[in-house]
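The values are calculated or read from the model by the stated rules, or taken from the named source; none is laboratory data. Note that the coordinates shown come from a computational prediction; the quantities given were computed from them, not determined experimentally. Here the Cβ is made from the backbone with ideal geometry for all residues, glycine too, and neighbour counts use every protein chain on show.
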Amino acid sequence: MSQTSASKLFLVLLLSFVPSYAQENNPTPPSPAVSPSPLPPPGKAAPTPPDSTHLEVLYAPKPYYPLEAAAKKLQGQVVINLHISESGNVESAEIVSGEPILAQAAADAMKEWRFKPFIKNGQTVKISYRMPFDFSLKGYFPDGCAAADAAFVANSANAARYRQVPAGVLEGRLVHKVEPQYPMLARMKHVQGTVLLYAVIGEDGRIHDLKTICGPAELVAASLEAVRQWRYRPFELDGSPVAVQTTIKVQFHM
């Protein structure tokens, strides 16, 4: 084979090899550039949002059941008039009807509620809305408990002396929790359920008073022993720590 023929053959082989090599080292071809979406014509207004047809709740912590009201077996519907800002925050909550103790608890909770901004004629607006809420003792106490079991609260100076704080609020302030030991006798008898306790938490975050409201007798002692060791970040009012009262549920499951 002549030198010229050999050179041509080598060139052909080289050209056939280069694309193959390039393909192996670039298995995925680069994606084509995406053209940006065209901007709306200058001066054209954004679409007008549709008017709201109902009030939409975004955040609604449940009102606590006042211990004094539970002891007196007070229940029923209350109505609170809410004044809601353009941003959906509650500016004020006025009691319209219902048992005063229950209505005040509802008003306190609803001040923290948040709503989706209400739109009218394409603009967010302030609105007022009468919000009903039903207080029912059914479901408030654990199974096997009765409202009468909380009667001590009505006869206790604590009911008026301490500010009541919902259990859910204080759960977030718990810094040291001791789990109760399941009593052997209760296990043998297959006893399970919930023990409801009444607690006064002092300015130092410690349990200062603890009583049993109701619950299976076999589980009460273990509940008291554990909860007495719990510690909380002190609850503050106007920047100062205060003692508060609350209820604590201790659950036992096999």
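For region 220-246, filtered to residues that are over 17 Å from K177 (Cβ atoms) and in contact (Cβ under 8 Å) with a residue 12 or more places away in the chain, the residue that is surrounded by the fewest Cβ atoms within 10 Å (Cβ to Cβ) is L237.
Listed here are the helices (runs of 4 or more DSSP H) enclosed by region 165-254 that have at least 1 residues being in contact with a Pro (Cβ under 7 Å, 6 or more places away or on another chain) and polar (S, T, N, Q): 217-227.
Counting only residues that are within 20 Å of V165 (Cα to Cα), surrounded by 16 or more Cβ atoms within 10 Å (Cβ to Cβ) and touching a residue at least 60 places away in the same chain (Cβ under 8 Å), region 109-136 holds 2 of them. Would you confirm, using the coordinates I've provided, whether E56 is acidic (D, E) and either at pLDDT below 95 or touching a helix residue (DSSP H, G or I) at 6+ places or on another chain (Cβ under 8 Å) (or both)? Yes: the conditions hold for E56. Criterion applied to A109, A93, A160 was being modelled with pLDDT under 80, more than 16 Å from L196 (Cβ to Cβ) and among the small types (G, A, S), and the one residue passing it is A160.
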